[in-house]
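Student: The structure follows.
The values are calculated or read from the model by the stated rules, or taken from the named source; none is laboratory data. All figures in this text were calculated on a predicted structure; none of them were measured in a lab. Here Cβ is always computed from backbone atoms with ideal geometry, including for glycine, and neighbour counts include all displayed protein chains.
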Amino acid sequence: MQQHTREVRIAQAFVRRWVTVGVLASVPLIASCGSDTNAPPSIVSVSPDFGPLTGGTRITITGSGFVGDGAEPNRVLIGGVEAPLASAIDDQTLEVLLPPSTSAGERTVVVYNRNGYANEAGKFHYSALPSITSVQPTRIEYNKTSRVVVTGSGFEKDQAGIPTITIAGVKATDVMVMNDTTLSFQIGPGLPMSKPDIELKNTVGSATGKALLQYVPSLGKGFLLFSKSNNYFAAFYDPISHAFVDVPSSEARVPDAKPGYRALYVDDAGNYWAHTRNGEFGQIDFTSQNLTKTVRAGARLIAFEHIGNDVYALARGGQFGRFDISTGEFTAIGNTPVPNGNGCGLALLANTMFAACFDRIMPINITTGAIGPQVAIAPLVVGGQPPHISDMRALDGILYGVTSLGELLTINPTNGITATVEDFGIPVSAMEIFQ
């Protein structure tokens, strides 16, 4: 009611202005004060009774008093905004070009002419734009065709029609609208690890679902590996099935971005964070393959591990400490650096933090930074060269390490015995769990 009253007052202000400039010199300010012989206009219905926020469509107002008794010209306001065109077809029909609106919802329709005015609420509304709030499933295999169910709004009402949906610029197929809040479509293969936007467009408007869906290299567990070479951006590897899926470089990647990362970790929400070789830290956008939310790290970091929201790191030189992902600040814990701490891995196994540097593995007290007994890692010589552990992670109770020469090993932290799981043949700079 308040909105209706406000819109009528706006309309009355329009009348005063029109009277002042002599456009409708005989129009009274309220319909009840009209001429004794000339009946004011009336509004019976509006068809269609909805329109887009952008305006520009044509609506038809049915009523009376649009032509007779010298009524013309007619002027129309929708929600207090004047229509750019109002043309009487006959005394009962008025064709109107809809003006734009800044918000959805019901609007008062007002018709003015020389014999008075009519206003009606509840006969027209601006349609709400469609929206996308969630999808199921949120992860689909990169090399398969899958059906995705979308939840949102504005999919059916106001003759929205069958929408056009595109994912990463590719048109989805077999789009089915179940109701105003649910639809589904089929999606084909995509770039592994990418989170493409979902673009929806129907007769009402358009909507974008950002990063709601991810193409994954596998629905099972494994590791994400990052190499210093330009052969690929990253790779997924399952140490049980030995399945290997490379993540090729994206066209959106910055051309001069250095491949590989010094250190890597995944948070509890499944977001991957990395420290680059040029000292930048940020979240990996797997669609563009560039870093977002970047900060300049306060130290040269070579390994990450986290426990809940607490992120721990090894700095170059072997210093252990905490890392603040929002500021890039590294705070040392304790005063004793890890020996040979220029090429190391860090991993949590059964609530114990382990560091492995060159040919030694040792526990670290995360509260004091104290280093426990060092255990020799053997054998750790490939082709006569002494490689070092580039990174470590524990998966399903097994400690894995990847060497600077590209070997994936299992490591027993008690006795240092290793076993080769895979030889990738290229240097691997960092690894993280994928699940």
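Student: Please count how many residues of region 105-122 are within 10 Å of PRO40 (Cβ to Cβ) and either assigned to a strand (DSSP E or B) or within 38 Å of the chain's Cα centre (by Cα) (or both).
Tutor: Qualifying residue count, region 105-122: 6.
Student: Please identify the pairs in which a residue from region 386-405 that is at negative phi has its Cβ atom under 7 Å from the Cβ atom of a residue that is basic (Lys, Arg), counting only partners at least 6 apart or on another chain.
Tutor: LEU395/LYS221; TYR400/ARG393
Student: Right, next: In a strand (DSSP E or B) and in contact with an Asp or Glu (Cβ under 9 Å, 6 or more places away or on another chain): does that describe LEU346?
Tutor: yes
Student: Now a separate question. Checking ILE426 against (1) assigned to a loop (DSSP other than H, G, I, E, B); (2) in contact with a His (Cβ under 9 Å, 6 or more places away or on another chain); (3) among the hydrophobic types (A, V, I, L, M, F, W, C), which test does it fail?
Tutor: (2)
Student: Being at pLDDT 95 or above, touching a Pro at 6+ places or on another chain (Cβ under 7 Å), assigned to a loop (DSSP other than H, G, I, E, B) and of a type outside the set (Phe, Trp, Tyr) is the filter here; which residues of region 41-83 pass it?
Tutor: GLY65, ALA83
Student: Follow-up. Quick one: MET178 ticks every box in (1) part of a strand (DSSP E or B); (2) crowded, with 21+ Cβ neighbours inside 10 Å except a single one, so which number is it?
Tutor: That leaves (2) as the condition not met.
Student: Quick check on this structure: which one of THR331, THR327 is without any contact (Cβ under 8 Å) to a residue 24 or more places away in the chain and under 36 Å from the mean Cα position of the chain (by Cα)?
Tutor: THR331
Student: If you don't mind, another one. Name the single residue, out of those in region 360-380 being assigned to a loop (DSSP other than H, G, I, E, B) and either outside the structural domain of GLU280 (by TED's automatic domain parsing) or modelled with pLDDT under 90 (or both), that is surrounded by the most Cβ atoms within 10 Å (Cβ to Cβ).
Tutor: Filtering region 360-380 down to residues assigned to a loop (DSSP other than H, G, I, E, B) leaves 365-370, 372-374, 377, 379-380.
From the residues that got through so far, the ones that are either outside the structural domain of GLU280 (by TED's automatic domain parsing) or modelled with pLDDT under 90 (or both) too are 377, 379-380.
On the way: ILE377: 24, PRO379: 12, LEU380: 21.
Per the stated criteria, the residue is ILE377.
Student: Could you tell me which numbered condition TYR215 fails, if it satisfies all but one of (1) part of a loop (DSSP other than H, G, I, E, B); (2) at pLDDT 90 or above; (3) not small (Gly, Ala, Ser)?
Tutor: Exception for TYR215: condition (1).
Student: Out of all the residues in region 340-359, is one or more under 20 Å from MET193 (Cβ atoms), at pLDDT 90 or above, touching a Lys or Arg at 6+ places or on another chain (Cβ under 6 Å) and small (Gly, Ala, Ser)?
Tutor: For region 340-359, residues under 20 Å from MET193 (Cβ atoms), at pLDDT 90 or above, touching a Lys or Arg at 6+ places or on another chain (Cβ under 6 Å) and small (Gly, Ala, Ser): absent.
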